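Peer 1: Provided herewith is a single structure, encoded as structure tokens, for subsequent inquiry.
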Amino acid sequence: MQDTILSALLPKRKRVLVTPLDWGIGHATRCVPIIDDLVRLENEVILAADGNAFEVLARLYPQLPLLRLPGKAIRYSNDPKWLWWVLLKQLPSFLFSIYSEHKALEKIRISENLDVVISDNRYGLFNKNCYSVFITHQLQLPLPRIWQWMSPLTNGFIQWCIRKYDACWIPDFATQDNLSGALSHKAKLSTNTRFIGPLSRMKASERNEALHKKMSFVLSGPEPQRSIFEQQIIEQINASSDTAHYKFLLVRGNAHLSKIEEALPANLEIIDFADSEEMASIYTNCDSLVVRSGYSTIMDLEVLGCKHAVFIPTPGQVEQEYLAKHLQETKGFPFISQAAFRLQDFL
């Protein structure tokens, strides 16, 4: 078990549905320790997801029942300055998706005879006829300056959703030495809220010089920025003759991406998707690690004690920008914008 608090909260010998949000793969991978311990505690575990989260869970847990439970597929903008306008236009369909998944859950509850539902950041998966748990570190949502007048509305909506659940688990430390900063530690906590410590699928890996890389890049998060940064990395390795004697590794973060068409550097190894053991080894066996400042990645770094990471927030994602600044101030991690990243500067 990763945390004694979580150990005390998990049910035993119940029928439990675990369902993560499908925005990237981080919500699915951080459910791994919960799923593993639910199985260990002799629960009958059913999984439900969509999109990338569905593919990850199918790969990691082929022995468990996996249901298709659609959510809202958010579209992102190529230009970060328009991201929030694009997201705002999708707000009505996002709210409808919350209502739809809430209705869908009742059918699943009846057909699967559920006792417990554990939802990672899916707002509509509460049910009065079974014990419902909501996992989130976002008790307050950071907004761009132009949208900050909406903060009372968005934060009020989050609190309203949390109160619909029997319990809210925050995957962070309750202490000042925390990972999420103001996102969870400056919000007014409901009585059903508990800090449970970081959630990560990672376990410590021994350093292996045969696997050593100068720099490893681990991509994650939504398109099109994932692909834009991938191309930027490949172009910069190709463009510099000074990189020829270094070994690099690029984890694309998705097992179903199309093949890279451009010429690849001979000293760049490509992995589409890595399991938990492979990822821990990748994090350990490099001089520098370039990653997004997504919260699941941050928890992985904390659990592994990894200190050599550089954060590149997804352009336009205010939460990742905030988390990168917070961890620079509290733990000394450097961060830089995607547009300003220059491989040569780090070498």
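Peer 1: For residues in segment 201-230 being hydrophobic (A, V, I, L, M, F, W, C) and over 20 Å from Leu57 (Cα atoms), which is modelled with the highest pLDDT?
Peer 2: It comes out as Phe217.
Peer 1: Please report, ordered by residue number, the strands (runs of 3 or more DSSP E) entirely within segment 152-236 with at least 2 residues that are over 21 Å from the mean Cα position of the chain (by Cα) and either under 30 Å from Asp36 (Cβ atoms) or among the basic types (Lys, Arg) (or both).
Peer 2: So the answer is 213-218.
Peer 1: Which of the residues belonging to segment 175-188 are surrounded by fewer than 17 Cβ atoms within 10 Å (Cβ to Cβ), out of contact with any helix residue (DSSP H, G or I) (no Cβ under 9 Å at 6 or more places or on another chain) and closer than 14 Å to Gln138 by Cα?
Peer 2: Lys186
Peer 1: Here's another thing I want to ask about it. In this structure, does Phe311 turn out to be without any contact (Cβ under 8 Å) to a residue 40 or more places away in the chain and not β-branched (Val, Ile, Thr)?
Peer 2: Yes; evaluated as a whole, the condition is true for this residue.
Peer 1: Can you spot a residue in segment 254-274 that is over 15 Å from Met215 (Cα atoms), touching a residue at least 60 places away in the same chain (Cβ under 8 Å) and among the charged types (D, E, K, R)?
Peer 2: Checking segment 254-274: not a single residue is over 15 Å from Met215 (Cα atoms), touching a residue at least 60 places away in the same chain (Cβ under 8 Å) and among the charged types (D, E, K, R).
Peer 1: Just one of Ser281, Ser293, Ser258 is of a type outside the set (Lys, Arg) and part of a helix (DSSP H, G or I); which is it?
Peer 2: Ser281
Peer 1: Going through segment 3-20 one residue at a time, which ones are surrounded by fewer than 22 Cβ atoms within 10 Å (Cβ to Cβ), touching a residue at least 24 places away in the same chain (Cβ under 8 Å) and not acidic (Asp, Glu)?
Peer 2: Hits for segment 3-20 are Ile5, Leu6, Ser7, Leu9, Leu10, Pro11, Lys12, Arg13, Lys14, Arg15.
Peer 1: Kindly list the number of the only condition in (1) farther than 30 Å from Pro265 by Cβ; (2) touching a strand residue (DSSP E or B) at 6+ places or on another chain (Cβ under 8 Å); (3) not hydrophobic (A, V, I, L, M, F, W, C) that fails for Gln138.
Peer 2: Every listed condition holds for Gln138 apart from (2).
Peer 1: Taking Asn113, is it of a type in the set (S, T, N, Q) and surrounded by 16 or more Cβ atoms within 10 Å (Cβ to Cβ)?
Peer 2: Against the criterion (of a type in the set (S, T, N, Q) and surrounded by 16 or more Cβ atoms within 10 Å (Cβ to Cβ)), Asn113 does not qualify.
Peer 1: If I go through segment 249-296 residue by residue, how many of them are basic (Lys, Arg) and either assigned by TED's automatic domain parsing to the domain that holds Leu139 or exposed (fewer than 15 other Cβ atoms within 10 Å of the Cβ) (or both)?
Peer 2: Final tally of qualifying residues: 1.
Peer 1: Looking at Ile146, Ile110 in this structure, which one is in a helix (DSSP H, G or I), at pLDDT 95 or above and more than 25 Å from the chain's Cα centre (by Cα)?
Peer 2: Answer to the selection: Ile110.
Peer 1: Going by the structure shown, is Ala274 more than 21 Å from the chain's Cα centre (by Cα) and at pLDDT below 90?
Peer 2: no
Peer 1: Let me ask something additional. Would you confirm whether or not segment 225-248 contains a residue that is at positive phi, touching a Gly at 6+ places or on another chain (Cβ under 9 Å) and in the same structural domain as Ile298 (by TED's automatic domain parsing)?
Peer 2: no
Peer 1: From the set of residues in segment 237-271 that are under 21 Å from the mean Cα position of the chain (by Cα), within 26 Å of Ser205 (Cα to Cα) and not aliphatic (A, V, I, L, M), which is modelled with the highest pLDDT?
Peer 2: Arg252
Peer 1: Specify the residue that is nearest to Gln176 (Cα to Cα); the eligible residues are those in segment 186-217 that are touching a residue at least 12 places away in the same chain (Cβ under 8 Å) and among the polar types (S, T, N, Q).
Peer 2: Thr193
Peer 1: Looking at segment 157-174, can you tell me whether even one residue there is among the acidic types (Asp, Glu), surrounded by fewer than 23 Cβ atoms within 10 Å (Cβ to Cβ) and within 22 Å of Lys307 (Cα to Cα)?
Peer 2: The answer is no, given that none of the residues of segment 157-174 is among the acidic types (Asp, Glu), surrounded by fewer than 23 Cβ atoms within 10 Å (Cβ to Cβ) and within 22 Å of Lys307 (Cα to Cα).
The values are calculated or read from the model by the stated rules, or taken from the named source; none is laboratory data. Only a predicted model underlies this, so the values are computations on that prediction, with no experimental measurement involved. As a convention, Cβ positions derive from the backbone with ideal geometry for all residues, glycine included, and neighbour counts pool all protein chains shown.
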